[in-house]
1. Where residues in region 197-226 are aliphatic (A, V, I, L, M) and in a helix (DSSP H, G or I), which of them is modelled with the highest pLDDT?
2. What residue, of Gly168, Gly179, is in a loop (DSSP other than H, G, I, E, B), touching a residue at least 40 places away in the same chain (Cβ under 8 Å) and farther than 27 Å from Arg87 by Cα?
3. Name the pairs: first residue in region 222-239 and under 17 Å from Val265 (Cα atoms), second residue among the acidic types (Asp, Glu) and not in a helix (DSSP H, G or I), Cβ to Cβ under 8 Å, at least 6 apart or on different chains?
4. Give the residues of region 83-97 that are surrounded by 15 or more Cβ atoms within 10 Å (Cβ to Cβ) and either without any contact (Cβ under 8 Å) to a residue 12 or more places away in the chain or closer than 21 Å to Thr23 by Cβ (or both), sorted by residue number.
5. Can you list residue pairs whose Cβ atoms sit under 6 Å apart, with the first residue in region 302-317 being under 17 Å from Ser183 (Cα atoms) and the second being polar (S, T, N, Q)? Count only pairs 6 or more apart in sequence or on different chains.
6. More than 26 Å from Lys34 (Cα to Cα) and under 21 Å from the mean Cα position of the chain (by Cα): which single residue out of Ala254, Ala189, Ala268, Ala273 fits that description?
7. Go through the residues of region 154-166 one by one and say whether even a single one is touching a helix residue (DSSP H, G or I) at 6+ places or on another chain (Cβ under 7 Å), more than 17 Å from Ser308 (Cβ to Cβ) and crowded, with 21+ Cβ neighbours inside 10 Å.
8. Being part of a loop (DSSP other than H, G, I, E, B) and modelled with pLDDT of 85 or more is the filter here; which residues of region 265-313 pass it?
Amino acid sequence: MTQQSGAKGLMRFTRILVAVDATTASSAALRYLKPLLHRGVTVRVVSVAENPHTLVPLGGWAGAQLQAFRVELLRDADAAIQTAQARLQGRGAKIDGQLVDLCKVGGHLVDALGEAISQWAPDLVVLGTRHHQGLLRWVEGEVSAPLARLLHAPVLIVPAEYDGACDGPPSRVLFATDGSDASRCALRAGAGLVASRSEWRIIHVVDRLLAPGTGPFERQLEETLSEIGQVALKAAVGELASYGQQDERAVETALIKTSSTFDDVPHAIERDAVRWKAQLVVLGTHGRRGVTRWLLGSVAERTLRLTSVPLLLVPTPRE
């Protein structure tokens with residue numbers, strides 16, 4: 001279970017599950033993960049050997065060929081686990097591995113990963129991704145249902161193309177807030193994951209697409225949304241300060257707005273993260289209801305698909 005410490009209970013991650021394969025996306029995830037490890041942390045490395053029957057057209061191969069292919073898939077998955085375990089050594093963490101054979105357990109990749117997560121109950125899941133390739137397929141499918149299943153715990157998404165410094169925990173953190181309970185939960189998680197001496201940029205995005213076409217109420221609606229954003233920013237700054245160690249953090253805030261009819265909140269977050277050279281973006285996965293809602297399957301899911309910066313998605317704890 002996630003441990004808590006600090007004035008109001010920062011999340012401290014002690015059970016981390018990382019899903020691996022032979023792709024560069026997994027390499028990026030392992031490179032980013034290693035500096036986060038320390039004594040007292042247990043890491044489970046999971047790799048899934050796919051079922052050759054689902055990869056080869058029916059009747060395309062003979063039984064002997066399929067068996068040879070299965071052996072190769074198992075060997076590749078085992079090699080991915082061993083490589084990952086070797087790369088994560090040296091930080092004092094306990095590291096074990098789990099190979100899932102879909103020929104035995106059945107189902108699909110997302111089912112296998114969801115089951116591994118459910119059984120082991122990690123407090124952080126780490127996935128490498130190359131957009132629409134590699135392990136991102138593990139959280140796709142019908143999109144919202146598989147992703148919601150993964151998000152029983154915070155999920156750290158590391159893009160394969162991310163080449164930022166990984167010589168320690170992230171120290172430049174962009175936190176996008178909508179003022180919801182989910183955002184406050186995400187802030188606690190992010191503050192527990194990053195370096196103690198860190199720089200924070202807290203943003204709220206005003207979606208201007210909510211205002212055009214409302215006639216005389218257009219300006220009033222945008223001003224109202226901006227006021228809501230300022231309240232959310234002030235609350236986030238106060239929440240972060242309540243964790244203590246204010247002298248260790250430099251905090252700035254910004255109210256940003258989508259720029260045109262072809263813009264949206266996820267692109268605004270991504271632009272700001274890249275411009276500011278963030279090393280981690282932190283985002284809650286459920287937000288307000290109504291016009292300012294940031295729902296799983298909208299902002300969080302679309303940000304996951306386009307981010308070029310490591311992204312921590314944090315769900316609201318289940319009651």
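1. That would be Leu225.
2. Gly179
3. So the pair list comes out as Leu225/Asp207; Ala232/Asp178.
4. Thr83, Ala84, Gln85, Arg87, Leu88, Ile95, Gly97, listed by residue number.
5. Leu313/Thr285; Pro315/Thr285
6. Exactly one residue qualifies, and that residue is Ala268.
7. Looking through region 154-166, at least one residue is touching a helix residue (DSSP H, G or I) at 6+ places or on another chain (Cβ under 7 Å), more than 17 Å from Ser308 (Cβ to Cβ) and crowded, with 21+ Cβ neighbours inside 10 Å.
8. Here is the first cut: in region 265-313, the ones part of a loop (DSSP other than H, G, I, E, B) are 277-279, 285-289, 293-298, 307-310.
The answer is Lys277, Ala278, Gln279, Ser308, Val309, Pro310.
The values are calculated or read from the model by the stated rules, or taken from the named source; none is laboratory data. Being a predicted model, the structure only gives us computed values, none of them experimental. All Cβ positions, even for glycine, are placed from backbone atoms using ideal geometry, and neighbour counts span all protein chains on display.
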